[in-house]
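**Student:** Got a structure for you, written out below as structure tokens; questions coming shortly.
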Amino acid sequence: MRAVFNGAVIAETPRTERVEGNDYFPPESLKREYFTESTTKSLCFWKGVARYRTVTVDGVTVPDAAWYYPRPSPLARRIKDHVAFWNGVTVEGTREQKPARDR
């Protein structure tokens with residue numbers, strides 16, 4: 001799986017966590033040079049408080065194009081610090097499936 005913005009791969013991993021149709025990339029898969037922290041926050045009634053990151057590639061910036069849950073609710077603990085994308089970031093590839101017992 002790859003997240004691509006403005007022609008650059010900004011995150012890449014063989015496996016994401018899928019929640020509500022969004023692929024959440026593990027934190028170690030991000031290419032950190034493309035991300036800056038945002039002050040934006042939002043609340044999901046079951047996942048908790050989301051924090052955002054701004055994405056910049058070759059001078060093109062999209063505020064809050066990535067979000068993550070640093071302290072998710074117990075129901076969402078599997079996506080702790082994992083990052084999902086929107087607003088111009090394209091997610092490409094095929095998810096590697098976990099064995100059924102690990103889901």
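**Student:** Applying the selection to segment 68-97, what residues are open to solvent by 30 Å² or more (accessible area, probe 1.4 Å) and within 15 Å of residue 10 (Cα to Cα)?
**Tutor:** The answer is 82, 86, 87, 88, 90, 91, 92, 93.
**Student:** Then there's this: Within the bounds of segment 19-40, is there any residue that is open to solvent by less than 30 Å² (accessible area, probe 1.4 Å), assigned to a loop (DSSP other than H, G, I, E, B), without any contact (Cβ under 8 Å) to a residue 60 or more places away in the chain and in contact with a strand residue (DSSP E or B) (Cβ under 7 Å, 6 or more places away or on another chain)?
**Tutor:** No, segment 19-40 contains no residue that is open to solvent by less than 30 Å² (accessible area, probe 1.4 Å), assigned to a loop (DSSP other than H, G, I, E, B), without any contact (Cβ under 8 Å) to a residue 60 or more places away in the chain and in contact with a strand residue (DSSP E or B) (Cβ under 7 Å, 6 or more places away or on another chain).
**Student:** I need the full set of residues from segment 1-18 which are closer than 15 Å to residue 66 by Cβ and either of a type in the set (Phe, Trp, Tyr) or open to solvent by 80 Å² or more (accessible area, probe 1.4 Å) (or both), in order please.
**Tutor:** 2, 5, 12
**Student:** Residue 88 fails exactly one of the following numbered conditions: (1) at positive phi; (2) assigned to a strand (DSSP E or B). What is the number of that condition?
**Tutor:** Residue 88 satisfies every listed condition except (2).
**Student:** Give me the pairs: first residue in segment 71-91 and without any contact (Cβ under 8 Å) to a residue 24 or more places away in the chain, second residue surrounded by fewer than 12 Cβ atoms within 10 Å (Cβ to Cβ), beta-carbon distance under 8 Å, and six or more apart or on different chains, which are they?
**Tutor:** 80/70; 80/71
**Student:** Could you grab the pairs with beta carbons closer than 8 Å, sequence gap of 6+ or different chains, first residue in segment 42-69 and of a type in the set (Asp, Glu), second one at pLDDT below 95 and not in a strand (DSSP E or B)?
**Tutor:** 64/87
**Student:** What number of residues within segment 41-51 are open to solvent by 30 Å² or more (accessible area, probe 1.4 Å) and of a type outside the set (A, V, I, L, M, F, W, C)?
**Tutor:** 3
The values are calculated or read from the model by the stated rules, or taken from the named source; none is laboratory data. Being a predicted model, the structure only gives us computed values, none of them experimental. Glycine also receives a Cβ, built like all others from the backbone with ideal geometry; neighbour counts cover every protein chain displayed. With ligands, DNA and RNA removed, areas are computed over all heavy atoms of the protein, side chains included. Shrake-Rupley method; radii C 1.70, N 1.55, O 1.52, S 1.80 Å.
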